[in-house]
Amino acid sequence: MHKRSFIKGLALAGVSAPFSASALDNWLLLANKKTATELASDDDFWTGIRGQYNLKTDYINLENGYYNILPKEILENYIKHIREVNYQGSYYMRTVQFDNKKNMAAKVAELMGCSSEELILTRNTTESLDMIIGGFHWNAGDEAIMAEQDYGSMLEMFKQVGRRFGVVNKVLSLPLHPASDEEIVTLYANAITPKTKLLMVCHMVNITGQILPIRKICDMAHSKGVQVMVDGAHAVAHIQYKIPDLHCDYYGASLHKWLCVPLGVGMLYVKKENIEKIWPLIAEGDRKEDDISRLNHIGTHPVHTDLAVSDAVDFYHKIGAERKENRLRFLQQYWTTKVRNLPGVIVNTPADPKRSCGIANVGIKGMKPVEMAATLLKKYNIYTVAIDGANVHGCRITPNIFTTTAELDVLVKALGEMGSAG
């Protein structure tokens, strides 16, 4: 099978034609002829992958970071799960529901390299990390450290425990263009005092895409007796890593982002020795103090969504972790390197490829982010999101593996014109 003839066949079939799982498998066989680095810039190859998605043609979607569109293969399996749960009804809910969720959690744990006894499925990152913040054993005067660039829901939860328990919250501001890992580690280290109990840090900052040196931060904090909670919402299935290698105490993420699980599934990792230290979000019946399932009671919920976790993990492995990461990093570098030195254009993401991957943030001098986002959509048919706060002013740009360089060329042209006009 030749790539160009295959792509031509896709075009003749039309955008709505199904790209079957078997066709995808055959297409991926072509990947074996090239390294992940070579494939990263191969638009022909990724156009074949694009055929696995139903995409709106009204605009160029560069806001994939909020919710990743499901590939057809995952979507169709998800619909089957909905039908099956509905078919079995209460019988399903009272028999295999909990075992199936535990099996899905074990599959995520395997992906993340941790024990299944340390990971549960939640509904999203907010639930995962707010459970740690709210369930921590706080005393009046205890201190917590975070950055203003951290996600708003967790910052609000820290404010609540501050009001409720007398916790002192120390909020830092991350440098947008750090000179080294040590600059970031030192920033956190200087904020720690004998009263510090918990430090929150983003693995990948959601508004800029900056990847932080998590292991170095964790090792530093542990040397001072401080636990570390990591927000990994954008890191799972985006970049390659294993949670134990990070040396963190707690790790939360949303699987509906880069892993492409349907909306409503997240994950929470709690290091075994810390499980007994956290109060559940919702009270559970008798469990051993070190049994992570005691943190997992949420009542009746859409259990069919949990079942799609297995499909999403399988699809991720099929695409290939290295291929996906390299593609996402290539796409970000493709457009950011073209606009960094343009008049009036401000890139709020580090230039070093190791400090970011698929996500980046860009602003226009003298233009409000909300106006910038509106102009990109109305004038150039580019959909993105405005970020205006926490020392970041611009639009977050999040392409996906199906994004083409031709689409990013439209973004580059738009930013060039907007920057010059400003």
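What follows is calculated from the coordinates using simple rules that are stated; it is not laboratory data. The model shown is predicted, which means the values in this text are computed figures rather than measured ones. Cβ atoms come from the backbone with ideal geometry, glycine included; neighbour counts cover every protein chain shown.
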**Request:** Give me the number: length gained by fully extending residue 374 to residue 404, i.e. 0.36 nm times residue separation minus the C-alpha to C-alpha distance, one decimal in nm.
**Result:** 8.6 nm
**Request:** For region 327-343, just list the computed ³J(HN,Hα) in residue order, Karplus coefficients 6.51, -1.76 and 1.60, θ = phi - 60°, integers in Hz, with x standing in for Gly and Pro.
**Result:** 5, 4, 5, 4, 4, 5, 5, 4, 8, 5, 5, 7, 10, 4, 9, 6, x
**Request:** Compute the distance in nm between two label points, each set 7 Å from the Cα along the Cα-to-Cβ direction, one at residue 127 and one at residue 272.
**Result:** 2.6
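Can you give the FRET efficiency for residue 59 and residue 139, using 1/(1 + (r/R0)^6), R0 = 35 Å, r = Cβ-Cβ distance, to the nearest 0.05? Show your work: numbers first, answer last.
Working: r = 51 Å, r/R0 = 1.45.
Once the sixth-power term is evaluated, E becomes 0.10.
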**Complete:** The simple spin-label model distance between residue 66 and residue 29, using points 7 Å out along Cα→Cβ, in nm, is 4.1
**Message:** Report, in listed order, any pair from 170/288; 102/216; 56/80 with a Cα-Cα distance greater than 27 Å.
**Reply:** 170/288; 102/216
**Anchor residue 379: aspartates and glutamates whose Cα lies under 18 Å away (excluding residues fewer than 8 positions away in-chain)** = 58, 63, 371, 407, 409, 417
**Request:** Order by neighbour count: 188, 91, 241, 59, fewest other Cβ atoms within 10 Å first, most last.
**Result:** 91, 59, 241, 188
**Asked** Ranked highest first by the average count of other Cβ atoms within 10 Å around their residues, in what order do 398-409, 195-206 fall?
**Response** 195-206, 398-409
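Would you mind getting me the FRET efficiency between residue 365 and residue 180? Use the beta-carbon distance for r and R0 = 25 Å, nearest 0.05. Walk me through the numbers on the way to the answer.
Working: r = 27 Å, r/R0 = 1.09.
Calculated value: 0.35.
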**Message:** Using just the Cα positions, wrap the chain in a convex hull and report its mean projected area in square nanometres, one decimal place.
**Reply:** 21.3
**Message:** Once you order the gyration tensor axes a ≥ b ≥ c over the Cα atoms, which shape class does region 254-379 get: rounded for a/c under 1.5, otherwise prolate or oblate by comparing a/b with b/c?
**Reply:** prolate
**Message:** Using a 7 Å offset from the Cα along the Cα-to-Cβ direction at both residue 91 and residue 169, what is the distance between the two label points in nm, to one decimal?
**Reply:** 4.9
**Request:** Taking amide H positions as placed in the peptide plane 1.01 Å from N, state which residues far from residue 60 in sequence (5 or more) or on other chains have amide H under 5 Å from it.
**Result:** 382, 383
**Prompt:** Given the pairs 33/318; 101/272; 34/242, which are separated by over 22 angstrom at their Cα positions?
**Reply:** 34/242
**Fill in**
For residue 387, the residues 5 or more places away or on another chain with a placed amide H closer than 5 Å to its own amide H are 394, 395, 396
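Need one word for region 139-287: rounded, prolate or oblate. Basis is the Cα gyration tensor (sqrt eigenvalues a ≥ b ≥ c); a/c below 1.5 gives rounded, then a/b vs b/c decides.
Values: a/c = 1.44, a/b = 1.01, b/c = 1.43.
It comes out rounded by the Cα gyration axes.
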**Message:** Let me test this: with uniform point scatterers at the alpha carbons of region 165-204, what is the Debye-based log₁₀ I(q)/I(0) at q = 0.17, 0.32 1/Å?
**Reply:** -0.52, -1.35
